[in-house]
Each structure stands twice: as structure tokens, then as C-alpha cells.
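Just below is one structure, and these are the notes that go with it.
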Amino acid sequence: MSANNIPKKSRGKLNSVSVARSWLKLGILPVPLYPGSKRPRGGKEWNALRVEHDTVPHFFKSGDNVGGLWGEPSNWIVDVDLDCPEAVELAVHLLPETFVYGRRNRPASHYLYRCEGAPTYKRKDEEGSVIIEVRSTGSQSVLPPSIHDEDKDRYEINHDVEFTTIG
């Protein structure tokens, strides 16, 4: 398993169909997101969407960002999303090696694991800012090579290895 077939960059609009199919081959159910956004298409029912290889073109439009649907729908692949610089800095020393991605301005901020039954979890600091989030069933994250909604920074793969299974 490798993400080598996921386009690293594209000129013009993102080839969302190709990108979505590449993530699907890795076992992650893709979610169509509005271009340059983390907001899913499909309204309130976005997390019930089950895209298959043949149906990708029906859901993804050219230029759409691509998200990943975590947990049970993706065979228990979950995203450990590190939301503060200190968490990113510590993760390389504390978390098991696995597939990692992030943005150019915040690399290595998403660690993907296979963890059956993992719940979604969020930890905040005293001011209410999120430190770390485990995204599982019912949640999604923007995937490479999509564009971040706020700073227009491109997501990219930082460590392309198999998803580590943890308990």
C-alpha cells in the first residue's frame, strides 16, 4: 500500500476524481468537499455517503477538495489531528510510526492509524483551543493534495508508509 499514485500537485483545478479514486484504493472513503474548503457537499447527509470507484464522477466535480471519511466506513482508519505546534513537535517522539500528512505551513499534523472501535475524541487547553483530536466514525478531514480553506496552503504527504494498526 502506497500513496505514490496520489497526484502531488496539479496545474489549474484539482483532478478530484483521480484523487478520490486514489484514496479509495488505500481504503479511505472519499468525501466531496467544496473547492478550497473543508465543508462537505451533500448537506447534512454527507457522512452517510458511500462513494465507490464507479460512482466517484457522480459526486466529485473538477476542483473539489477531497476529504476522508474516518472510522468504521474506512475499515477503522482514523486521523489523529494535531492542532497545535507543541502537539506536532511531540508526536514524532510519542506516536507510533505511520502514514503522516499535513500542509506546507503545518507539516506532519495528521497521523493515520487503523484502530478498530476508536471513538472520536477532542482535547482542548484551558482557553478552549483544540490541542489534539482523534477523528473516527462520523468525522472527516481534508486530504492531500487539497487546499486548506483559510490560508490556501496545499496538503501534502509527509511520510508514505502503511497505516499502523494500534489497539
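The values are calculated or read from the model by the stated rules, or taken from the named source; none is laboratory data. Predicted model only: the values in this text are computed from it and were never measured. FYI the Cβ positions are ideal-geometry reconstructions off the backbone, even for glycines, and counts take in every protein chain you see. Only protein heavy atoms, including side chains, enter the accessible area calculation; ligands, DNA and RNA are left aside. Shrake-Rupley method; radii C 1.70, N 1.55, O 1.52, S 1.80 Å.
Residues in the range 92-103 that are surrounded by 11 or more Cβ atoms within 10 Å (Cβ to Cβ) and either among the polar types (S, T, N, Q) or over 15 Å from the mean Cα position of the chain (by Cα) (or both): V92, L95, E97, T98. Taken over the range 112-141, the criterion of being open to solvent by 50 Å² or more (accessible area, probe 1.4 Å) and in contact with a Phe, Trp or Tyr (Cβ under 6 Å, 6 or more places away or on another chain) is satisfied by R114, E116. Candidates Y101, Y121, Y111: the one that is over 21 Å from N158 (Cα atoms), of a type in the set (F, W, Y) and touching an Asp or Glu at 6+ places or on another chain (Cβ under 9 Å) is Y121.
Give the residues of the range 54-78 that are aromatic (F, W, Y), open to solvent by less than 20 Å² (accessible area, probe 1.4 Å) and within 28 Å of G167 (Cβ to Cβ), sorted by residue number. Explain how you work it out, then say what you get.
Residues of the range 54-78 that are aromatic (F, W, Y), as a first pass: 59-60, 70, 76.
Subset that is open to solvent by less than 20 Å² (accessible area, probe 1.4 Å): 60, 70.
Correct list: W70 only.
For the range 65-108, enumerate the residues that are of a type in the set (A, V, I, L, M) and on the phi > 0 side of the Ramachandran plot. Listed by number, the list holds a single entry, A108. Here P107, P144 are screened, and the one residue that is buried (at least 20 other Cβ atoms within 10 Å of the Cβ), farther than 14 Å from L95 by Cα and in contact (Cβ under 8 Å) with a residue 24 or more places away in the chain is P144. Checked against (1) among the charged types (D, E, K, R); (2) touching a strand residue (DSSP E or B) at 6+ places or on another chain (Cβ under 8 Å); (3) at pLDDT below 95, R135 passes all but a single condition, namely (3). The set of residues in the range 38-53 being more than 18 Å from R135 (Cα to Cα) and buried (at least 17 other Cβ atoms within 10 Å of the Cβ) consists of R41, V51. Across the range 147-167, the qualifying residues are those that are closer than 18 Å to Y111 by Cβ and among the charged types (D, E, K, R), and the one among them that is surrounded by the most Cβ atoms within 10 Å (Cβ to Cβ) is E156. Scanning the range 103-124 for residues that are part of a loop (DSSP other than H, G, I, E, B) and modelled with pLDDT of 95 or more yields C115, E116, G117, A118, P119, T120.
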